[in-house]
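Asker: Structure provided below as structure tokens; questions to follow.
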Amino acid sequence: MYAIVDIETTGGSATRSRITEIAIYKHDGQKVVDEYQTLINPCQDIPYNITKLTGIDNQLVANAPLFFDVAQEIAAFIEDCVFVAHNVNFDYSFVKAEFDRIGLSFRQKKLCTVRLSRKLLPGKFSYSLGKLCASEGIPLSNAHRAAADAKATAILFTQLMKIDKEGYIEKALNPLSLEGLMPPNMPKEDFIALPNKQGIYYMLNEKKEVIYIGKAKDIKKRVHSHFSGNTNTKSKYHFVKNIFGIDFKVIPNSLLVDIIEATEIKKHWPIHNRSYKRITLNYGLYQYTDRNGYERFNSGRCGKHDKPIKSFKSLVELKGFLKEMVEDYNLCPRLSGLQPISSGKCNYIEELDCRGACEGNEKTATYNLRLQQAVEEKVNRNTTYVLREESSESAEQAIVLVENGRYKGYGKVPLSVDLMNVELLKTQINTAYDDQDMSIIVHAWLKKSKPEDVVFIN
């Protein structure tokens with residue numbers, strides 16, 4: 001037996017919104033044999049846009065039963081039935097959430113008439129209930145009311161049963177089948193093609209645009225986890241509903257997975273990714289020559305296209321580094337940006353005896369030589385290096401190049417390549433822009449890498 005269900009709700013989130021109407025048509029595989037429908041008092045206001053869509057307002061449900069009052073009736077009516085709906089995960093998640101709230105378990109097999117229609121009625125322009133009914137000559141009046149939509153879905157289901165000559169519906173109910181888990185619009189073949197290997201995966205919408213990118217040690221297992229739970233939130237429901245395909249890229253090198261994921265997110269800008277999408281504004285230390293010929297420092301937030309000589313996670317970290325450099329090389333605090341020029345005597349560091357560059361009392365050549373020495377020894381020393389990871393599947397190694405503290409890119413090179421030859425490596429890598437996200441990823445790898453997997457270039 002099948003229970004064809006349709007509900008109306010106060011919103012799109014099963015955790016926050018509630019059911020306002022439910023209609024169920026019991027189907028024996030050939031025809032409808034019984035029906036059940038009722039309004040439900042959601043115990044929360046119905047938004048105006050929902051009322052405009054469904055015609056159900058607060059007054060209409062004011063005297064309707066609570067879900068608690070009809071829960072046992074609903075449970076008894078659909079007992080031992082397969083739960084069938086158009087976009088089944090939406091309706092199922094709401095019904096399950098209502099049972100959960102009153103302390104009753106709810107667990108039934110599911111069938112989605114969207115997925116069934118895509119399989120048995122291929123080539124349709126749209127698989128929305130309204131468009132599908134119109135193309136198949138199924139009457140649908142008073143749409144967006146539970147009884148009307150459920151009745152139309154029941155007629156559609158009857159037609160699907162008649163044309164299912166290869167037993168697709170029966171196969172879909174097999175416990176080992178993925179049909180109950182798959183998004184309504186995603187080809188099952190896309191999931192079957194996913195490997196149990198490390199890499200990144202791409203969720204695609206109807207236009208084949210990337211809407212989400214993820215990484216995983218086991219791509220198939222991770223993708224499966226996206227669909228194994230209920231679509232309890234509005235955002236997850238719309239996310240799952242808009243998945244029309246999945247692509248993937250196997251990346252055996254762990255070193256490159258994080259970097260390629262971040263790079264791809266910044267390239268495609270998927271609407272459902274949050275991480276790595278922000279325009280990062282890290283703190284930077286800048287060097288420039290003033291109108292009097294003195295080399296000076298400036299510091300602050302840096303934008304995407306700024307080029308500081310060194311970047312920092314915080315202003316406190318930057319100021320600490322700059323103070324240390326000024327102390328060690330007896331640089332002028334005012335010319336270093338630690339103290340305003342107009343503040344009088346250099347006294348930012350009490351124990352420091354400024355040699356007078358800020359007042360023109362020290363020759364530019366002498367001061368600039370000392371400042372440049374500080375930059376070379378504090379900023380540039382040991383900041384050019386290569387992270388490497390050998391591949392277990394080929395005679396190659398994955399590399400990440402950092403030059404003068406700036407991430408330059410990633411790639412794969414032969415094991416025999418000279419990793420000390422920076423100019424050669426630049427021709428072998430995928431060049432990329434350095435930002436805070438990449439710096440964090442690279443530095444995390446630097447900390448946990450074995451000594452033999454880091455090649456410092458002086």
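The values are calculated or read from the model by the stated rules, or taken from the named source; none is laboratory data. Given the structure is predicted, the values throughout are model-derived calculations rather than measurements. Here the Cβ is made from the backbone with ideal geometry for all residues, glycine too, and neighbour counts use every protein chain on show.
Asker: So for segment 177-185 (the condition being in contact with a Lys or Arg (Cβ under 8 Å, 6 or more places away or on another chain), at negative phi, surrounded by fewer than 18 Cβ atoms within 10 Å (Cβ to Cβ) and in a helix (DSSP H, G or I)), does at least one residue qualify?
Answerer: no
Asker: So, one more: Checking the conditions here, which among G320, G300, G293, G337 is free of Cβ contacts under 8 Å to residues at least 24 places away in the same chain, at positive phi and of a type outside the set (F, W, Y)? Before you say what the answer is, go through the steps one by one.
Answerer: Details: G320 fails: at positive phi; G293 fails: free of Cβ contacts under 8 Å to residues at least 24 places away in the same chain; G337 fails: free of Cβ contacts under 8 Å to residues at least 24 places away in the same chain.
Within the list G320, G300, G293, G337, the selection yields G300.
Asker: I would also like to ask the following. Please determine whether any residue of segment 386-399 is surrounded by fewer than 17 Cβ atoms within 10 Å (Cβ to Cβ), out of contact with any Asp or Glu (no Cβ under 6 Å at 6 or more places or on another chain) and among the aliphatic types (A, V, I, L, M).
Answerer: For segment 386-399, residues surrounded by fewer than 17 Cβ atoms within 10 Å (Cβ to Cβ), out of contact with any Asp or Glu (no Cβ under 6 Å at 6 or more places or on another chain) and among the aliphatic types (A, V, I, L, M): present.
Asker: Hey, another quick one. How many residues does segment 350-374 contain that are over 25 Å from I309 (Cα atoms) and not in a loop (DSSP other than H, G, I, E, B)?
Answerer: Here the count works out to 1.
Asker: Additional query: Consider segment 307-317. How many of its residues are touching a strand residue (DSSP E or B) at 6+ places or on another chain (Cβ under 6 Å) and either on the phi > 0 side of the Ramachandran plot or of a type outside the set (S, T, N, Q) (or both)?
Answerer: 5
Asker: Also: In this structure, is N430 more than 31 Å from the chain's Cα centre (by Cα), of a type outside the set (A, V, I, L, M) and surrounded by 13 or more Cβ atoms within 10 Å (Cβ to Cβ)?
Answerer: For N430, the condition - more than 31 Å from the chain's Cα centre (by Cα), of a type outside the set (A, V, I, L, M) and surrounded by 13 or more Cβ atoms within 10 Å (Cβ to Cβ) - is not met.
Asker: Go through segment 1-45 and give me each residue that's surrounded by fewer than 19 Cβ atoms within 10 Å (Cβ to Cβ) and under 33 Å from the mean Cα position of the chain (by Cα).
Answerer: Answer for segment 1-45, where residues must be surrounded by fewer than 19 Cβ atoms within 10 Å (Cβ to Cβ) and under 33 Å from the mean Cα position of the chain (by Cα): G11, G12, T15, R16, Q44, D45.
Asker: Within segment 200-216, restricting attention to residues that are of a type in the set (D, E, K, R) and either in a strand (DSSP E or B) or on the phi > 0 side of the Ramachandran plot (or both), which residue is nearest to the chain's Cα centre (by Cα)?
Answerer: Of the residues in segment 200-216, the ones of a type in the set (D, E, K, R) are 206-209, 215.
This time we only want the ones that are either in a strand (DSSP E or B) or on the phi > 0 side of the Ramachandran plot (or both), so: 208, 215.
Details: K208: 17, K215: 10 Å.
Within segment 200-216, the match that is nearest to the chain's Cα centre (by Cα) is K215.
Asker: Just to be sure I understand, how many residues within segment 386-411 are among the charged types (D, E, K, R), touching a helix residue (DSSP H, G or I) at 6+ places or on another chain (Cβ under 8 Å) and more than 18 Å from D437 (Cα to Cα)? Reasoning before the result, please.
Answerer: Filtering segment 386-411 for residues among the charged types (D, E, K, R) gives 388-390, 393, 396, 403, 406, 408.
So of that shortlist, the ones also touching a helix residue (DSSP H, G or I) at 6+ places or on another chain (Cβ under 8 Å) come out as 388-389, 403, 408.
Narrowing further to those that are more than 18 Å from D437 (Cα to Cα): 388-389.
Final tally of qualifying residues: 2.
Asker: Among K131, K119, K162, which is the only one that is more than 36 Å from the chain's Cα centre (by Cα) and either assigned to a helix (DSSP H, G or I) or of a type in the set (D, E, K, R) (or both)? Can you show your working first?
Answerer: Details: K131 fails: more than 36 Å from the chain's Cα centre (by Cα); K119 fails: more than 36 Å from the chain's Cα centre (by Cα).
On inspection, the qualifying residue turns out to be K162.
Asker: Got at least one residue in segment 362-374 being within 44 Å of the chain's Cα centre (by Cα) and under 24 Å from R406 (Cβ atoms)?
Answerer: Residues of segment 362-374 within 44 Å of the chain's Cα centre (by Cα): 372, 374.
Okay, now just the ones that are also under 24 Å from R406 (Cβ atoms), so 372, 374.
Taking every residue of segment 362-374 in turn, at least one turns out to be within 44 Å of the chain's Cα centre (by Cα) and under 24 Å from R406 (Cβ atoms).
Asker: Kindly indicate which of Y348, Y433, Y329 is out of contact with any strand residue (DSSP E or B) (no Cβ under 7 Å at 6 or more places or on another chain), farther than 17 Å from F456 by Cα and in contact (Cβ under 8 Å) with a residue 60 or more places away in the chain.
Answerer: That would be Y433, the only listed residue that is out of contact with any strand residue (DSSP E or B) (no Cβ under 7 Å at 6 or more places or on another chain), farther than 17 Å from F456 by Cα and in contact (Cβ under 8 Å) with a residue 60 or more places away in the chain.
Asker: May I ask you to verify whether M203 is buried (at least 17 other Cβ atoms within 10 Å of the Cβ) and modelled with pLDDT under 90?
Answerer: Considered against the rule, which asks whether it is buried (at least 17 other Cβ atoms within 10 Å of the Cβ) and modelled with pLDDT under 90, M203 comes out as no.
Asker: Go through (1) under 25 Å from Q287 (Cα atoms); (2) touching a Phe, Trp or Tyr at 6+ places or on another chain (Cβ under 9 Å) and name the single condition Y348 misses.
Answerer: All conditions are met except number (2).
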